[in-house]
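Asker: After the structure tokens below, expect a handful of questions from me.
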């Protein structure tokens with residue numbers, strides 16, 4: 001039995017589809033479990049007795065976490081700690097997802113798993129606490145630290161840019177921050193590969209960086225989104241040349257962001273014999289899927 005927590009989020013939805021061939025699945029979202037109610041969560045785990053726990057649930061509202069840090073800590077640190085200790089006690093395997101925001105962004109070059117952490121905001125701090133709780137628990141685990149996740153569902157950068165570009169003739173986007181846009185589909189596919197390998201006893205275990213190949217800035221990313229969307233026939237008011245760069249922290253956003261979010265993924269490439277497609281591959285897929293959805297009804301209603 002494989003349990004997926006956070007099944008109604010970007011990654012959770014992809015995991016629900018991708019992991020189905022590996023065995024029976026149980027999907028828990030906000031309606032099925034409250035991650036801040038640790039007593040009830042532990043009882044639910046014991047009643048279900050999963051052999052694999054895939055935790056895709058998190059408090060991901062970066063700016064809101066500055067105001068609600070204790071709530072973010074319960075979800076991002078307390079719940080993973082409970083999951084890890086339960087997994088240790090019951091011989092289960094835990095997959096957990098983390099973030100580039102555990103680093104301070106000051107390094108030149110991609111971050112290694114062994115590099116010192118130094119989160120700049122409450123979201124990063126609470127996610128790092130969750131990572132450490134899992135690693136210190138003694139359970140068998142995989143932690144994937146990733147960056148800039150997007151999918152067809154929920155709130156993410158490509159969908160936001162498309163919505164704004166359909167409403168406005170010009171956009172201003174930060175040019176300082178660099179990282180790898182990473183598809184939730186790719187994360188789910190790699191998770192399936194790793195779990196399948198574990199069935200043979202050869203699967204990876206421990207902390208890994210996992211993101212798409214290549215990197216970009218938010219500004220360049222926005223330009224590519226708009227340019228590709230226009231070439232596919234999206235009706236947008238904004239054009240590539242009407243997107244202008246901004247520099248430095250956004251004063252309207254309370255949480256600081258790391259400048260450099262590039263992650264070195266050589267470890268997972270080697271241990272899983274993994275090929276990482278470029279981030280633009282999955283962006284192309286996203287845009288073409290949106291066109292298909294648009295034929296089914298007015299976009300973006302199918303995404304809600």
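The values are calculated or read from the model by the stated rules, or taken from the named source; none is laboratory data. From a predicted model like this one, the values you see are computed outputs, not experimental measurements. In this analysis, Cβ positions are derived from the backbone assuming ideal geometry, glycine residues included, and neighbour counts consider all displayed protein chains.
Asker: When you go through 212, 238, 194 one by one, which is the residue that is crowded, with 16+ Cβ neighbours inside 10 Å and closer than 21 Å to residue 22 by Cα?
Answerer: Result: 194 is the single residue among 212, 238, 194 that is crowded, with 16+ Cβ neighbours inside 10 Å and closer than 21 Å to residue 22 by Cα.
Asker: Related question: Looking at the stretch 200-209, which of the residues that are exposed (fewer than 15 other Cβ atoms within 10 Å of the Cβ) and in contact (Cβ under 8 Å) with a residue 60 or more places away in the chain is farthest from residue 22 (Cα to Cα)?
Answerer: Our first condition is that a residue be exposed (fewer than 15 other Cβ atoms within 10 Å of the Cβ); within the stretch 200-209, this holds for 200-202, 205-206.
Filter once more, so that each one left must be in contact (Cβ under 8 Å) with a residue 60 or more places away in the chain: 205-206.
Working: 205: 18, 206: 21 Å.
Looking at the filtered set, the residue picked out is 206.
For (1) part of a loop (DSSP other than H, G, I, E, B); (2) at pLDDT 95 or above; (3) touching a helix residue (DSSP H, G or I) at 6+ places or on another chain (Cβ under 8 Å), each residue gets a yes or a no:
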site	(1), (2), (3)
250	yes, no, no
258	yes, yes, yes
269	no, yes, no
275	yes, yes, yes
280	no, yes, yes
283	no, yes, yes
288	no, no, no
292	no, no, no
299	yes, no, yes
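Asker: Output yes when any residue across the stretch 150-173 is within 17 Å of the chain's Cα centre (by Cα), in contact (Cβ under 8 Å) with a residue 40 or more places away in the chain, closer than 23 Å to residue 85 by Cα and surrounded by 21 or more Cβ atoms within 10 Å (Cβ to Cβ), and no when none is.
Answerer: No, because not a single residue in the stretch 150-173 is within 17 Å of the chain's Cα centre (by Cα), in contact (Cβ under 8 Å) with a residue 40 or more places away in the chain, closer than 23 Å to residue 85 by Cα and surrounded by 21 or more Cβ atoms within 10 Å (Cβ to Cβ).
Asker: Restricting to the stretch 224-248, name every residue that is touching a residue at least 24 places away in the same chain (Cβ under 8 Å), under 15 Å from residue 283 (Cβ atoms) and assigned to a helix (DSSP H, G or I).
Answerer: Scanning the stretch 224-248 gives 224, 225, 226, 228, 229.
Asker: Does residue 12 meet the test of being part of a helix (DSSP H, G or I) and either in contact (Cβ under 8 Å) with a residue 40 or more places away in the chain or in contact with a helix residue (DSSP H, G or I) (Cβ under 6 Å, 6 or more places away or on another chain) (or both)?
Answerer: Yes; evaluated as a whole, the condition is true for this residue.
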